[in-house]
Amino acid sequence: MKHLNLPSIEDLLKRHKPAGNTNVKHLESMNRVDKLALWITNHVGSMGFFLLIFLWTLIWLGWNTLAPEATRFDPYPAFVLWLFISNMIQIFLMPLIMVGQNLQSRHSELRAEEDYLINKKAEMEIETILKHLENQNDMILQILKHLEKKEIGSQGS
């Protein structure tokens, strides 16, 4: 019987690098400017920032409509109404959109991390199966050699 020349597990490991964590690789590939942009996006796209902008707008509007006229720096209806109408969409929607994008991004990262863990588990299981197959192959070859010796010995008698 002809022996199949199958690669060993060591040969397979030499050929293929193990899977890596793409999230770590991505963070390592980022330069300082990218990290700064990510930091700004994560902080501006938070409910804390949204509440800060909302509070600032309320203070601005409150001061310029309720404070004594001599202390108002932007008296009603000058730019206060314009500020309120034109910027409310930006003030409310931009952080909320960014919050949503950050949530989607976190969800995507969690899915990617879970996929990575599943792939690592599958890789370990495949390695185990390959080791078992390699062992079985060696055992079958030993049995064949033993049977061939017996056959040669019984033909000689």
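Here, each number is a calculation from the coordinates, and none is a lab measurement. Here the structure is a predicted model, which means the values were calculated and not measured.
Pairs from the table (LYS25/LYS131; LYS14/LYS145; LYS35/LYS121; LYS25/LYS121) lying more than 24 angstrom apart at Cα are LYS25/LYS131; LYS14/LYS145; LYS35/LYS121. Computed on the range 23-156, the Cα convex hull volume stands at 120 Å³ per residue.
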